[in-house]
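Data first, discussion second: the structure below is written as structure tokens.
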Amino acid sequence: MLKISLIDGRTQRRLVLEGKVIGPWAAELRTAYQKARADLNGRELVIDLKHITAINQEGENALSELMSEGVKFCGRGVFTKQILKQVASRARKSLQQGRDDQAREESRSSRRKPIRQGDRRQQHANAKCIRRD
């Protein structure tokens, strides 16, 4: 079970998580995040994990997604800090891999041979070739 509390302050909105971030509750966390993000009015959104008792891969994936979107996290204790460290490492690797993939694609597209006008006509003619018997 997961309890999600919303605490509003002048400078920040805090989602306090208590319990297990597993399975369907990971999806509930995403939903609560979307609702909390809707009307921040200039405040910062922080997710407080200090009362988390368990997390599975699906929960880590949810935290990683939120971390990639720029959400700040806080927590206390060895367990929570280890989770945050692990998820942050995965989020950084994922972000770097996305940048590398984009750079590779840009590099490939810049190396492609430009199509000259004559080549375009030939391509167009080839595309319209219909065999008539």
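The values are calculated or read from the model by the stated rules, or taken from the named source; none is laboratory data. All values reported here derive from a predicted model rather than from experimental measurement. Please note: Cβ atoms are built from the backbone with ideal geometry, for glycine as well, and neighbour counts cover all protein chains shown.
Among the candidates Val21, Val87, the residue that is out of contact with any His (no Cβ under 9 Å at 6 or more places or on another chain), at pLDDT below 90 and surrounded by 14 or more Cβ atoms within 10 Å (Cβ to Cβ) is uniquely Val87.
Evaluating Ala62 against the criteria (1) without any contact (Cβ under 8 Å) to a residue 40 or more places away in the chain; (2) under 16 Å from the mean Cα position of the chain (by Cα); (3) assigned to a helix (DSSP H, G or I) leaves one unmet condition, (1). Here Leu6 passes the criteria (1) of a type outside the set (D, E, K, R); (2) over 20 Å from the mean Cα position of the chain (by Cα); (3) surrounded by 18 or more Cβ atoms within 10 Å (Cβ to Cβ) except the one numbered (3).
Summed over segment 47-76, residues that are more than 19 Å from Ser94 (Cα to Cα) and surrounded by fewer than 18 Cβ atoms within 10 Å (Cβ to Cβ) total 7.
In the list Lys113, Lys81, which residue meets the criterion of being modelled with pLDDT under 90, part of a helix (DSSP H, G or I) and out of contact with any Lys or Arg (no Cβ under 6 Å at 6 or more places or on another chain)? Outline the logic, then answer.
Working: Lys113 fails: part of a helix (DSSP H, G or I).
Testing whether each residue is modelled with pLDDT under 90, part of a helix (DSSP H, G or I) and out of contact with any Lys or Arg (no Cβ under 6 Å at 6 or more places or on another chain) leaves just Lys81.
For segment 10-45, a residue qualifies if it is part of a loop (DSSP other than H, G, I, E, B) and more than 18 Å from Thr80 (Cα to Cα), and the qualifying residues are Arg10, Thr11, Asp39, Leu40, Asn41, Gly42, Arg43.
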